[in-house]
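The values are calculated or read from the model by the stated rules, or taken from the named source; none is laboratory data. As the structure is a prediction and not an experimental result, all values here were calculated from the model. Backbone-built Cβ (ideal geometry, glycine too); neighbour counts: all protein chains shown.
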Amino acid sequence: MTSPLDREDWLVTTEWLAENLDSVRVVDSTIFLRLQDDGSFQMENGRTIYEKEHIPGTVYADVSADFAEPGSDLAFAWPSPERFAQSAGALGLTNDQRIVIYSADHVMWATRMWWLLRAHGHDRVSVLDGGLGKWKAEGRPVSSDLPTYPPAEFRVSLRPEMVASQDDVANALQAGSQCVLNALPAPMHEGAGPSPYARPGRIAGSHSLPAFDIVGEDGVFLEASALREKLSNKLGPDRAITYCGGGIAATTTAFALSYLGKENVAVYDGSLQEWSANPDLPMEVG
């Protein structure tokens with residue numbers, strides 16, 4: 001049985017990956033999500049970019065389809081254990097591998113796959129700091145070869161505490177929790193501009209902690225000291241529940257909190273897709 005990674009190994013550098021590329025399984029989980037003028041989102045998976053160029057040996061994990069539950073009204077719906085095991089196994093992923101996830105776009109797509117793997121029991125998974133952009137900027141090799149690995153058995157061991165429900169959020173707010181955290185950009189938290197959700201604004205009583213504020217423009221996480229300073233008032237013993245629009249950006253904020261040592265962190269997977277669609281649930285703007 002392999003041992004879990006230490007927290008400091010949850011985030012790896014491009015230098016580390018270059019030195020260890022032959023001993024890890026690399027996964028690209030890129031999605032492109034573009035906000036339109038009317039407030040809607042246009043989604044495109046990253047398979048086309050992946051097939052054009054990727055870190056050698058990488059497989060592509062589609063978190064919008066293969067690693068989401070089909071038939072749901074929610075985009076990126078949390079997959080059943082059976083679906084997750086089937087999709088992971090089809091990529092040749094096993095419980096014993098050291099896995100490194102990256103994205104060619106915002107790191108939230110990598111942290112989404114990281115959160116999925118962790119919540120389904122995989123303890124040896126890291127996020128590549130800076131993603132494909134930093135890798136290429138440093139002149140490191142990319143490939144268009146599409147590797148195939150034998151199908152494998154991935155054994156799920158669920159951690160349900162890593163996923164929060166609508167009721168969990170409501171109960172936390174009723175109890176006065178200061179750790180229901182909105183990972184969307186501040187203007188969306190305030191309800192400014194067109195909204196892609198049923199109602200603009202935020203879950204009433206929640207606080208702003210945007211995923212985009214803890215990652216630089218180069219896709220690299222803030223230095224640990226700066227990250228700790230930004231998140232210091234959220235690192236107490238209370239359970240943190242992060243949310244966004246569809247449970248994607250929320251995983252970046254959740255990843256950062258967990259990376260800094262906070263033990264009790266969950267992602268509200270339904271997020272505003274679910275919450276804003278129910279007129280009985282409170283929201284606020286401003």
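You will find that of SER72, SER29, the residue that is surrounded by fewer than 20 Cβ atoms within 10 Å (Cβ to Cβ), out of contact with any Cys (no Cβ under 8 Å at 6 or more places or on another chain) and among the small types (Gly, Ala, Ser) is SER72 and no other. When ARG199, ARG228 are checked against the criterion of being farther than 29 Å from TYR102 by Cβ and either surrounded by 15 or more Cβ atoms within 10 Å (Cβ to Cβ) or among the polar types (S, T, N, Q) (or both), ARG199 stands alone in meeting it. Scan the stretch 144-199 for residues that are acidic (Asp, Glu), within 20 Å of the chain's Cα centre (by Cα) and over 24 Å from ALA256 (Cβ atoms) and the total you get is 0. Among the residues of the stretch 149-175 satisfying the criterion of being in a loop (DSSP other than H, G, I, E, B) and small (Gly, Ala, Ser), which is surrounded by the fewest Cβ atoms within 10 Å (Cβ to Cβ)? Out of the qualifying residues, it is ALA175. Listed by first and then second residue, the pairs linking a residue in the stretch 160-171 that is among the polar types (S, T, N, Q) to a residue that is assigned to a loop (DSSP other than H, G, I, E, B), with Cβ atoms under 9 Å apart and 6 or more places separating them unless they lie on different chains, are SER165/ASP269; SER165/GLY270; GLN166/GLY270; GLN166/ASN278; GLN166/LEU281; ASN171/SER177.
Restricting attention to the stretch 1-30 and to residues that are under 18 Å from the mean Cα position of the chain (by Cα) and in a helix (DSSP H, G or I), the residue that is modelled with the highest pLDDT turns out to be ASP9.
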